[in-house]
Amino acid sequence: MDSSKNKNSEQETGVAGRRSFLGKGAALGLAGAALGLTACKEDGNKAKPAAAAGAAPKSHGTEVAPGQLDDYYAFISSGHSGEARILGLPSGRTLKRIPVFNIDCMVGWGITNESKAIMGTNPDGTLKYTTGDTHHVHGSYKDGTYDGRWLFINDKIHARVARIRMDTMEVDKITQLPNVMGFHGIFPDKRDPVDQKINYTTRVFCGAEFHIPLPNDGHDVDDPSKWGALFSCVSAETMEVMWQCRVDGNMDLVATSYDGKLAASNQYNTENAADLNGMMAAERDACVFFNIERIERLVKEGKYTTIGNSKVPVVDGRKAANGDPKTAVTCYVPVGKNPHGVNASPDGKYFVCSGKLSPTATIIELTRVLQWFEGSLKTERDAVVGEPEIGLGPLHTAFDGRGNAYTSLFLDSQCVKWNVDAAIAQFKGDKTAKVIIEKMDVHYQPGHNYSSMGETKEADGKYLNSGNKFSKDRFLPVGPLHVETEQLIDISGDKMKLIADHTAYSEPHDGIIVRRDVVKTRQIYTMTDFPNHVTPDNAGIERKGNKVNVRLMSQAPAYSMPVIKVKKGDEVTITLTNHDKVEDLTHGLALPTYNVNFIVNPQETKSVTFKADHAGVFWMYCTHFCHALHLEMRSRFIVEA
Ligand code: CUK
Ligand code: CUA
Ligand code: CA
């Protein structure tokens, strides 16, 4: 081990590193010194940049040598595992798995009272849902680029949107969208549509893929022609649903403009069909644009309805109610057949919709959409300024900030690099325009691709990640199901260069690649942020009838109580505050046969509640290696018969 590297990492964190703590603590422990629960004097709770601000990322291929840090974070969804992941790029190293809609016994997500409250519970305290399906992660914006504050992520199964705080990389809110099924696309706004001085994310827009009876209460179950789909707007700050807009057809993915005025969703089922053939009937489908300001004006004027028990205002965005462009809240721009994906170019000018069943990408100019809303564009289709043929099965498009687009071609198993201006020139009739620049094989069947900072005005054209649905021969086989792949492509030069295969656990969809200086994580928590935190003053056991509160503290290598006694039949709440103050000095609490398992990070508090329904002696032990005496960190939890 190179000790100079280690020293650097401690200098970078600004507090005593875990290494030196472990060394000191271990020595103390082994010398037999009792570690009391006196507060540690070090104050590590200072936010620190992951890299010195303004430091230019180093280019070193994909090799990130031991002791070196990656240049980028990748925040990615992970499909029906229900969680989110953080990778370092270019190394592809997995840095963290963030439980979102799934249960995770590493951190205790879905086990602790605090996480259950965020996830949502039934009246009896059990979790309402234990499954999720995450597809899209997007960051909050300021001035057209990431502000490092939040990530928003969808749950397709139960129509929920979750918010992840980027300082702790933990979910702090989850909201369920009423009267929505198949919530797929999600995108935060980048500027306030009403108050244009607000240049940061205030709303999150959510598309709905499946149409259902409204409300879905058992009526009209056999008549899909009466069903509908709602586009939802959620407040980024409160996470409450502000309004919904009913559309014709379905919605798939979502994009937002840099000026905050427009959001859009591609529609593959403008047919409103309920079966496969019906959904492929029309030669063209649409990308539906929402005029956010007008929708909110209608809401303000009370021109909305509500559906079922939901109090959320629903504005009518169906064509029949929006015949006059000058008052319309929606604009349905015809695009290629059964499109998938809609992506905003970093120059703020265009949305690109991929054809999927059509071998084309459709370029829509946003100023023209705004002109349509003003009544000065003849037809919706006139907003289309390019429709190049790019290959088979185009799904998603990323950008390099130099005018080029990169679209995943699912059927061709390729990534195609094409030039946006050339495609527009070709559409105008320029036969010499060279649209397709290069096609590169990926392995295999790509879904999303996404580029470094590509969804911001700071798109830097360095890396492109291709999230592939199949890996076949790229990795050692591990049974009938193969691992999926993320392939990293260097797009900084004239030619695309495939530089790495990274494994991806099921299933890679969308992600964002964020420069590391954008991300500023906390080192420890603030104890007083937790209203139920345990201090030496309130620690101990408190009984009210058969309700028992066990207020516990941890400090390496001990819990504050060596013996905890309750009676069979008691309803027990264990609240644990970690009094260690050193970054990364986390303890666990596992209680055998009681299904309790969670961790507490430095200065954090978590609690669990359960019924002590069987008697015996149960060793409550620390699961997270914290100290040389980690194994000895255990207390007796005794349930008297
Ligand atoms: S979707 Cu997964 S490959 Cu849910 Cu963004 Cu296109
Ligand atoms: Cu505390 Cu391991
Ligand atoms: Ca269709």
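The values are calculated or read from the model by the stated rules, or taken from the named source; none is laboratory data. From a predicted model like this one, the values you see are computed outputs, not experimental measurements. Note that we place each Cβ from the backbone using ideal geometry, even for glycine, and neighbour counts take in every protein chain shown. Surface areas here come from the heavy atoms of the whole protein model, side chains and all, with no ligands, DNA or RNA. Shrake-Rupley method; radii C 1.70, N 1.55, O 1.52, S 1.80 Å.
As an exercise, use a Förster radius of 45 Å and the Cβ-Cβ distance of Asp382 and Thr609 to find the FRET efficiency, rounded to the nearest 0.05. After rounding to 0.05, the efficiency reads 0.15.
Label positions at Lys568 and Lys128, each projected 7 Å from the Cα along the C-beta direction, are separated by 3.7 nm. When you restrict to C-alpha pairs under 8 Å that are six or more residues apart and normalise by the size of the range 112-195, the relative contact order lands at 26 percent. Selection among Ile513, Leu498, His533 by position relative to the dipole of the range 495-537 gives Leu498 as farthest towards the positive end (Cβ unit charges, Cα centre). Less than 5 angstrom separates the built amide H of Trp109 from those of Asp104, all sequence-distant by 5 or more or on a different chain.
Give the average over all directions of the projected area of the C-alpha convex hull of the range 379-470, one decimal, in nm².
Details: hull surface 25.5 nm².
Directional mean of the projected Cα hull area for the range 379-470 stands at 6.4 nm².
Given a 1.4 Å probe and every protein chain left where it sits, what share in percent of the accessible area of the range 480-553 is carbon and sulfur? Before the final figure, lay out each step's value.
Working: 1780 of 3530 Å².
Accessible surface attributable to carbon and sulfur in the range 480-553 totals 51 percent.
Counting charges near Asp400 (Lys, Arg +1; Asp, Glu -1) among other residues having Cβ under 14 Å from its Cβ returns a value of -2.
Charges only on Cβ, +1 for Lys and Arg, -1 for Asp and Glu: so what's the dipole of the chain about the Cα centre, in debye to the nearest 20?
On the way: 73 positive and 78 negative charges, 249 e Å.
The dipole magnitude comes to about 1200 debye.
Across the range 188-199, computed HN-Hα scalar couplings (Karplus, 6.51 cos²θ - 1.76 cosθ + 1.60, θ = phi - 60°) run x, 7, 10, 7, 6, x, 9, 9, 5, 6, 7, 9 Hz from first to last residue, x flagging Gly and Pro.
With an a/c value of 1.5 or above and a/b not larger than b/c for the gyration tensor axes a ≥ b ≥ c computed over the alpha-carbon atoms, the range 262-389 is described as oblate. Sorting the Cα pairs of the chain by distance into bins of 10 Å, from 0 upward, gives 3, 15, 24, 24, 17, 11, 5, 1, 0 percent per bin.
If you count, for each residue, the other Cβ atoms within 10 Å and average over each peptide, how do 162-175, 414-427 line up from highest to lowest? All intermediate terms of the calculation are to be shown ahead of the outcome.
Working: 162-175: 19.7, 414-427: 21.3.
The most tightly packed comes first, giving 414-427, 162-175.
Give me the extension gain from Lys544 to Asn532: residue separation times 0.36 nm, minus the current Cα-Cα distance, reported in nm with one decimal.
Details: separation 12, 0.36 × 12 = 4.32 nm, distance 1.70 nm.
Roughly 2.6 nm would be gained on extension.
Between 0 and 90 degrees, rounded to the nearest ten: what's the tilt of helix 3-13 against the longest Cα principal axis of the chain? So the helix axis and the longest Cα principal axis differ by about 70 degrees.
Under 13 Å from the Cβ of Val315, count the other residues' Cβ atoms, weight Lys and Arg +1, Asp and Glu -1, and hand me the total.
Numbers: positive: Arg246, Arg294, Arg297, Lys300, Lys303, Arg318; negative: Glu293, Glu296, Glu301, Asp316.
With Lys, Arg at +1 and Asp, Glu at -1, the neighbours total +2.
Between the alpha-carbon centres of the range 438-462 and the range 149-188 there is a gap of 23 Å.
Under a model in which nothing but the beta-carbon of Lys, Arg (+1) and Asp, Glu (-1) is charged, the range 181-221 shows a dipole of about 340 debye around its Cα centre.
Rounded to whole numbers, the Karplus 3J(HN,Hα) couplings from phi for the range 545-561 are x, 9, 9, 10, 9, 9, 9, 10, 10, 10, 8, 3, x, 8, 8, 6, 10 Hz, using 6.51 cos²θ - 1.76 cosθ + 1.60 with θ = phi - 60°, and x at Gly and Pro. Working note: Karplus 6.51/-1.76/1.60 with θ = phi - 60° gives the range 255-261 the couplings 9, 10, 7, 6, 8, x, 7 Hz, where Gly and Pro are set to x. Taking amide H as placed 1.01 Å from N in the peptide plane, Glu486 has its amide H under 5 Å from the amide H of Asn468, His502, Thr503, Ala504, each at least 5 places away in sequence or on another chain. For Trp150, the residues whose modelled amide H falls within less than 5 Å of its own, excluding neighbours fewer than 5 places apart on the same chain, are Ser140, Met166. Considering only Asn338, Tyr350, Gly375, and ranking their Cα positions along the charge dipole of the range 277-414 that arises from unit charges at the beta-carbon of Lys, Arg, Asp and Glu, the one farthest toward the positive end is Gly375. Ranking Ile363, His448, Ser471 by how far each Cα lies toward the positive end of the dipole of the range 343-493 (charges on Cβ) leaves Ile363 at the top.
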